[in-house]
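Rule-based calculations on the coordinates, nothing more; no lab input. Predicted model, so just to flag it, every value in this text is computed and none were measured. Cβ sites come from the backbone with ideal geometry, for glycine too, and all protein chains shown count toward neighbours.
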Amino acid sequence: MYSNTNSTVNIITWNANGLSRKINELRDFVSEHSPELLFLQEHKLSPSSPISIPNYCVYRSNRAIGANRQRGGGTALLVKCCIPHYQVTIPQLSAIEATAISIITNANITYTFVSTNIPPRKLHATGESDLNSLLSLGTHVIIGG
């Protein structure tokens with residue numbers, strides 16, 4: 001259960017457009033602003049490249065590399081480790097890349113947070129079905145990206 005004595009939660013979304021060159025910038029930003037949650041888009045990291053930010057748990061999804069071997073994209077969600085949470089399994093999507101976690105509050109309300117990215121080549125393919133699939137992850141779903 002998560003209890004926040006403030007009535008606000010600081011959530012930030014950031015399109016990294018390649019995180020490997022910007023990891024120190026991200027660490028400085030997180031240190032300065034201390035968000036409870038950070039949605040990342042387009043980290044563009046290989047599966048073996050870690051994301052490590054002190055005091056944050058990191059969940060990520062890498063872009064699947066198909067026959068065209070196009071690398072890039074990917075989403076991540078960083079949550080303060082002191083916040084009880086769990087990772088949520090993303091359903092099969094046709095166009096949207098996503099990573100999700102859920103937090104249960106002291107009022108026994110579950111909030112699901114989803115970091116999303118739509119690759120430019122799939123922008124026109126994005127239909128309601130992907131969004132409906134993400135919205136069906138819970139009663140209180142917050143999507144960013």
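Two decimals, Cα atoms only, Kirkwood Rh: what is Rg/Rh over the chain?
0.96
Pick out, from Pro50, Pro84, Leu131, the residue whose Cα sits farthest towards the positive end of the charge dipole of the chain, with +1 on the Cβ of Lys and Arg and -1 on the Cβ of Asp and Glu.
Of Pro50, Pro84, Leu131, it is Pro50.
How would you order 39-47, 21-29, 131-139 from highest to lowest mean count of nearby Cβ atoms within 10 Å?
The packing order, highest mean first, is 39-47, 131-139, 21-29.
How high is the relative contact order of the chain, in percent, counting Cα pairs under 8 Å that sit 6 or more residues apart?
This gives 22 percent for the chain.
What does the extension gain come out to for Ser52 and Gln87, with contour length at 0.36 nm per residue minus their alpha carbon separation?
So the extension gain works out to 10.9 nm.
Which length gain, in nm to one decimal place, applies between Asn108 and Leu131 when the Cα-Cα distance is subtracted from 0.36 nm times their residue separation?
So the extension gain works out to 5.8 nm.
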